[in-house]
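The values are calculated or read from the model by the stated rules, or taken from the named source; none is laboratory data. Bear in mind that the values here come from a model prediction, so they are computed numbers and not experimental data. With ideal geometry, Cβ positions are generated from the backbone for all residues, glycine too; neighbour counts draw on all protein chains shown. Quick note on the areas: whole protein, heavy atoms, side chains included, nothing else; ligands and nucleic acids left out. Shrake-Rupley method; radii C 1.70, N 1.55, O 1.52, S 1.80 Å.
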Amino acid sequence: MKGRGAGPRRGWSKRTARSRGPTTCRQAVRIALAVLAVAALCAPCRGADVEAEVTVRAPALRATERKAPTAYSQEIDTSRYAEELKTVTDALADIAGVSVRRYGGLGAFATLSVRGAGANQVQIFFDGIPLSRARNEVVDLADLPIDSLARIEVYRGVTPVNFSVAGLGGAVNLVPKRDHGTQAQAGYGSFDTRKATATDRRQWGEFHWLAHVAYTGSAGNFRFRTDNDTPQNPLDDRDVTRVHNSFDSVDVLLNLQAPAAGAGRWEVLHENFWRQTELPGRGANPSLHAEGTRLRVLDALRITFPELPFASATSGAMTGYSTLDRSTFRDPFGELGGGQQDRTDLSWAVGADGNLTWDASEVLSVAGLLGTSHEWFWPDNDALNAPEESPARRWRTALALQPELRVLAERLTVVPGFRWEHLHDATDKSIRTFGRVVPRLSTDRDLVNPSLGLAYHLGWGWTLLANTGRYQRAPSLLELFGLSGTVIGNPSLVPESAWNRDIGVRWQIPAFAWFEVGQLEYAYFDNDVRDLVVFVQRSAAMFRPENIGQARLRGHEVGLQMRLRQVLRAEFNYTLQDAENRSRAQGGIYVGKQLPGRPRQEGYARVSAEWGRWEGFYEWNAIAGNYLDLANFQRVPARTTHGLGLSWHLGKHLRLLLQVRNLTGNQISDVGGFPLPGRSWIGTVTWTL
C-alpha cells in the first residue's frame, strides 16, 4: 500500500525533483566490468568444469529464463498471495523495478509502471493472450483475479518472442492454473471483506479437467482522515468513513487438456470475469450514486507439439483466441465531474498465434512467432449525454525471430531478436465533431523492434546479463481518432519509441552448511523514450494528442532471495530510479521534473519462519514520496508500512491463517484524494484434498 504517511523520512523523501540518484550509464558499465573481472579470476577456466556447471544449471531454468534467457525477469508464485487475500496489484508491487498506483482499497482501479514506463507502455497477457485494448491500452489491475493463476511472469525492459505485442517498458504474463489440486478456501476480514474459492481437478486417462470459481467482495467502509480539500488548513481535517465503496467480483476458469496426434496435446481455456463496483470518487467529496461493471469473456484453443511430425528437432504451438470486453459506467447526477452519464461500451478481439522453436544444433536454436489479430470497438453513442464517436477497428500482423547462440563452451549466450508489426487502424463512419464533419479515417504503420541480449556464465554461479533494444508503441484509437467534445484525434501521430539498455549480474548462490538455495541480482537500466504522446489543451475542455514528449528513465535494481534449512526464508528488493521528464510540452516548462507516480525509491522485505505446524511472517514496505502532477507541485509523502501473519496447519488438509496489514495504521494514499485502508486484518481457512 502506498501513499500518505506521518511525514518525511530521512533518506526517502528529502530529495528534490532535480536530485540525481542513478549515475551515468558509463559508470554503471565500469562497475559491471569490475565485477566481471573479479568473478572471471575466480571462475574455473577448463572445459570440464564448464561442462559440469552447464549440467547443473539446465534443470533449474525457470519458464521466464527459457522464454527470455538474458532478461531480468521474475516469477511470482501466487499461492501465497491467494491464501493471504492479496491481489495481483499487491503481488506486482513487491517486485523490483515495478510501481503501482491504487485509486482506493481492495477492488479499486489500479495501474502498473515498470522501470518508469507508463501503464499503457507495459503489455499484460493472460497465458500469452493480450489483454490491452486498442482504444485504451491501460489495463486495470483490479480486473486480474489472482486466485485463478498459477504464477505471474514479469519481464523488465524486454518482451519475449512468444508474445505477439511488444511493450516499451516490458511485459507481464498471467499464467492460469492447470495442474492445481482440489481445494476450497474461505476468508473474512476488516470492512466486511469476504472471499470464497473452489478448485476441482479430474483426470480420465490422458484427459485432464480443471474447474475454478472465485468470489471476492468488500464493503470498503474503512476510516480515513480527510483534509476537506483544504491541504493548507489543518483545522478542518477530520476522520470519516469511506462510503459508497463496495464491490463484488466473480471469476470462472475452465481448462481441458486432451492428447493430439503424435505426442501433441489440445488445450481449451475459458475465463469469465465479472465485477460490479461502486465509484466513490475522491474522499473529501464522495459520489453516492456512480457505479460501473466490467465483463471479460476469454476463450482460447491451443495445440502444442514437443516435436513436429514433419520437422525433427522442432517444437511448436498454435493458439486461437477470442476476448470480449463489456464495460458500463453510470453517473446519473454527474457527481464525478464529467456530467450525467450512462453508457455501455463493447470491444471484441480475435486472433491467432503460431510459435516454433528449432533446435538446429547443440549450440544454436531459433524461436519464431507469426501472429495476427483483429479488434473492434463499438461505443455507446445512444448513451445519456454521450459524445458522438465512430466505431473503430485495428488489424495487427506480427512476425518475430529470436536466435539463441551458445558459444565459448556454452559459457556465452547471444540472443539477437527482431520483431516486425504492421497495424491497420480505421473508423467505420464519418461523424460530426467540433463543428465540422470528420470523414472515415484510415492509417497504416509498421513497427520495427530490433534487440540484442547477452548472458555470460562467469563461474561459481555468477552470470553477467546485458540487453539493448528498440521498442515502439502505436498510438491508441482514442489518440488517433479522438472523442467528440473532449479529444481531437490526430491520425498523423507516430509511434512512441524507446531505446532500452540494462546491464548487471545474477548470482545463483550455491548450497553450503545451513544455506539451501538463494539468488542475488543487480541491474542498472538506462532508457531513452521519445515521441511520447502528450494531450495538449486547445481550449477549456478540448485536448489534442501530439508527439512532443520525451523522458529518460534510469535506475538501479537489487533483489535477494534465500532459504535456510527449510525453516527460514527471506526476500528483499530495492529500486532506485530517476524518471526525468524531457518533454517539450508547454514550451519545455516540465524539463527536468520527475514524472508523476514514479517514486524515486521503493523497498520491500519479507521474512518467514516455520516450526512444526506453525508458520509466521513479517513484511516491510517503504516507498519514497512522489508527485501527482507534471509541475511537481502536488506531492504524496513517503511512507513505511508493516504486516504480520501467522498460519497453523491442522493436520494434512486444513490450514488457518490470520494476517494484519498496515500494522501501524498509517493514513496513506497513492493518488491525492483517494485514500487507502489503514490497519486491517483478514482470516482465511484453506482445505486441500
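Within region 141-177, how many residues are out of contact with any helix residue (DSSP H, G or I) (no Cβ under 9 Å at 6 or more places or on another chain), among the charged types (D, E, K, R) and closer than 19 Å to residue 116 by Cα?
Within region 141-177, residues that are out of contact with any helix residue (DSSP H, G or I) (no Cβ under 9 Å at 6 or more places or on another chain), among the charged types (D, E, K, R) and closer than 19 Å to residue 116 by Cα number 1.
How about region 650-674: which of its residues are assigned to a strand (DSSP E or B), within 20 Å of residue 109 (Cα to Cα) and either among the hydrophobic types (A, V, I, L, M, F, W, C) or modelled with pLDDT of 90 or more (or both)?
Keep residues of region 650-674 that are assigned to a strand (DSSP E or B), which gives 650, 654-661, 669-671, 674.
Imposing the further condition that a residue be within 20 Å of residue 109 (Cα to Cα) reduces the set to 661, 669-671, 674.
Residues satisfying the conditions are 661, 671, 674.
Mind checking which residues of region 628-650 are closer than 27 Å to residue 193 by Cα and open to solvent by 40 Å² or more (accessible area, probe 1.4 Å)?
642, 644, 646, 648, 649, 650
In region 269-313, which residues are under 22 Å from the mean Cα position of the chain (by Cα) and either more than 30 Å from residue 245 (Cβ to Cβ) or aromatic (Phe, Trp, Tyr) (or both)?
269, 270, 273, 274, 299, 300
May I ask you to list the residues in region 520-529 that are among the charged types (D, E, K, R) and crowded, with 18+ Cβ neighbours inside 10 Å?
Here is the first cut: in region 520-529, the ones among the charged types (D, E, K, R) are 521, 526, 528.
Within region 520-529, 521, 526 meet the criteria.
Applying the selection to region 77-92, what residues are open to solvent by less than 10 Å² (accessible area, probe 1.4 Å) and over 19 Å from residue 140 (Cβ atoms)?
Residue satisfying the conditions is 84 alone.
Identify, please: which residue in region 428-444 is part of a strand (DSSP E or B) and of a type outside the set (Val, Ile, Thr) and is, among those, most open to solvent (accessible area, probe 1.4 Å)?
Restricting to residues being part of a strand (DSSP E or B) and of a type outside the set (Val, Ile, Thr), the top hit is 432.
So if I check each of 616, 592, which one is in contact (Cβ under 8 Å) with a residue 24 or more places away in the chain and either closer than 30 Å to residue 186 by Cβ or surrounded by 17 or more Cβ atoms within 10 Å (Cβ to Cβ) (or both)?
From the options 616, 592, the qualifying one is 616.
From the residues in region 477-488 that are in a strand (DSSP E or B) and touching a strand residue (DSSP E or B) at 6+ places or on another chain (Cβ under 8 Å), which one is most open to solvent (accessible area, probe 1.4 Å)?
In this case the residue turns out to be 488.
Inside region 320-357, can you point out the residues that are aromatic (Phe, Trp, Tyr) and in a strand (DSSP E or B)? Let's see the steps before the verdict.
Looking only at region 320-357, we keep the residues that are aromatic (Phe, Trp, Tyr), and these are 321, 329, 333, 348.
Within region 320-357, 321, 329, 348 qualify.
Could you check region 154-190 and list, in sequence order, the residues that are in a loop (DSSP other than H, G, I, E, B) and of a type in the set (A, V, I, L, M)?
Result: 158, 161, 165, 166, 168.
How about region 595-612: which of its residues are crowded, with 18+ Cβ neighbours inside 10 Å and either over 17 Å from residue 520 (Cα atoms) or in contact with a Lys or Arg (Cβ under 6 Å, 6 or more places away or on another chain) (or both)? Don't jump to the end; show me each part of the working.
Of region 595-612, the ones crowded, with 18+ Cβ neighbours inside 10 Å are 595-604, 606, 608.
Matches in region 595-612: 595, 596, 597, 598, 599, 600, 601, 602, 608.
Among the listed residues 494, 534, 517, identify the single one that is open to solvent by 10 Å² or more (accessible area, probe 1.4 Å), closer than 23 Å to residue 168 by Cβ, assigned to a strand (DSSP E or B) and of a type in the set (A, V, I, L, M, F, W, C).
Selected residue: 534, the only one of 494, 534, 517 that is open to solvent by 10 Å² or more (accessible area, probe 1.4 Å), closer than 23 Å to residue 168 by Cβ, assigned to a strand (DSSP E or B) and of a type in the set (A, V, I, L, M, F, W, C).
For region 230-241, what are the residues that are open to solvent by 80 Å² or more (accessible area, probe 1.4 Å) and modelled with pLDDT under 85?
Matches in region 230-241: 231, 232, 234, 235.
Taking into account only those residues within region 224-251 that are outside any strand (DSSP E or B) and hydrophobic (A, V, I, L, M, F, W, C), which is farthest from residue 284 (Cα to Cα)? I'd like the intermediate steps shown before the answer.
Keep residues of region 224-251 that are outside any strand (DSSP E or B), which gives 227-237, 242-246.
Restricting the remaining residues to those that are hydrophobic (A, V, I, L, M, F, W, C) gives 235, 243.
Values: 235: 15, 243: 11 Å.
Once the filter is applied, the top-ranked residue is 235.
Does residue 413 satisfy the condition of being in contact (Cβ under 8 Å) with a residue 24 or more places away in the chain, of a type outside the set (D, E, K, R), farther than 25 Å from residue 350 by Cα and crowded, with 16+ Cβ neighbours inside 10 Å?
Against the criterion (in contact (Cβ under 8 Å) with a residue 24 or more places away in the chain, of a type outside the set (D, E, K, R), farther than 25 Å from residue 350 by Cα and crowded, with 16+ Cβ neighbours inside 10 Å), residue 413 qualifies.
Out of 131, 112, I need the residue that is under 23 Å from residue 522 (Cβ atoms) and open to solvent by less than 30 Å² (accessible area, probe 1.4 Å). Which one?
After applying the criteria, what remains is 112.
So that you can scan it fast, the table gives a plain yes or no per residue for (1) open to solvent by less than 20 Å² (accessible area, probe 1.4 Å); (2) among the charged types (D, E, K, R); (3) closer than 20 Å to residue 216 by Cβ:
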{"position": "122", "(1), (2), (3)": "yes, no, no"}
{"position": "141", "(1), (2), (3)": "yes, no, yes"}
{"position": "151", "(1), (2), (3)": "no, yes, yes"}
{"position": "159", "(1), (2), (3)": "yes, no, no"}
{"position": "166", "(1), (2), (3)": "yes, no, no"}
{"position": "170", "(1), (2), (3)": "yes, no, no"}
{"position": "176", "(1), (2), (3)": "yes, no, yes"}
{"position": "180", "(1), (2), (3)": "no, no, yes"}
{"position": "189", "(1), (2), (3)": "yes, no, yes"}
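Can you name the residue in region 537-551 that is open to solvent by 40 Å² or more (accessible area, probe 1.4 Å) and part of a strand (DSSP E or B) and is also nearest to residue 564 (Cα to Cα) among such residues?
To start, the set of residues in region 537-551 that are open to solvent by 40 Å² or more (accessible area, probe 1.4 Å) comprises 537-544, 550.
If we keep only those that are part of a strand (DSSP E or B) too, we end up with 537, 543-544, 550.
Details: 537: 57, 543: 57, 544: 57, 550: 46 Å.
Top of the filtered list is 550.
Working only within region 565-580, note down all residues that are open to solvent by 50 Å² or more (accessible area, probe 1.4 Å), of a type outside the set (Lys, Arg) and touching a residue at least 40 places away in the same chain (Cβ under 8 Å).
Selection gives 566, 567, 568, 574.
Can you tell me which residue in region 71-115 is farthest from residue 553 (Cα to Cα), limited to those that are among the charged types (D, E, K, R) and assigned to a loop (DSSP other than H, G, I, E, B)?
The extreme case among them is 84.
Any chance you could count how many residues in region 350-381 are open to solvent by 60 Å² or more (accessible area, probe 1.4 Å), of a type outside the set (Phe, Trp, Tyr) and closer than 24 Å to residue 137 by Cα?
1
Pairs, please: C-beta under 7 Å, at least 6 apart or cross-chain, first residue farther than 30 Å from residue 609 by Cβ and in region 630-654, second basic (Lys, Arg) and open to solvent by less than 80 Å² (accessible area, probe 1.4 Å)?
630/593; 631/593; 632/593
Every residue, every condition in (1) outside any strand (DSSP E or B); (2) in contact with a Ser or Thr (Cβ under 8 Å, 6 or more places away or on another chain); (3) surrounded by 14 or more Cβ atoms within 10 Å (Cβ to Cβ), yes or no:
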site: 426; (1), (2), (3): no, yes, yes
site: 446; (1), (2), (3): no, no, no
site: 457; (1), (2), (3): no, yes, yes
site: 465; (1), (2), (3): no, yes, yes
site: 470; (1), (2), (3): no, yes, yes
site: 475; (1), (2), (3): yes, no, yes
site: 490; (1), (2), (3): yes, no, yes
site: 504; (1), (2), (3): no, no, yes
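Quickly run through region 323-349 and pick out the residues that are closer than 30 Å to residue 67 by Cβ and open to solvent by 30 Å² or more (accessible area, probe 1.4 Å). Write out each step before concluding.
From region 323-349, those closer than 30 Å to residue 67 by Cβ are 323-325, 347-349; that's our starting set.
Once the filter is applied, which keeps residues that are closer than 30 Å to residue 67 by Cβ and open to solvent by 30 Å² or more (accessible area, probe 1.4 Å), region 323-349 yields 324, 348.
Of the conditions (1) farther than 30 Å from residue 280 by Cβ; (2) at pLDDT below 90, residue 317 clears all except one; give me its number.
Against the list (1) farther than 30 Å from residue 280 by Cβ; (2) at pLDDT below 90, residue 317 comes up short only on (2).
If only one of 123, 183 is polar (S, T, N, Q), out of contact with any Gly (no Cβ under 9 Å at 6 or more places or on another chain) and within 30 Å of residue 304 (Cα to Cα), which one is it?
Exactly one of 123, 183 is polar (S, T, N, Q), out of contact with any Gly (no Cβ under 9 Å at 6 or more places or on another chain) and within 30 Å of residue 304 (Cα to Cα), namely 183.
For region 191-223, which residues satisfy the criterion of being touching a residue at least 12 places away in the same chain (Cβ under 8 Å), open to solvent by 40 Å² or more (accessible area, probe 1.4 Å) and part of a strand (DSSP E or B)?
Within region 191-223, 194, 196, 198, 200, 201, 207, 209, 213, 215, 223 qualify.
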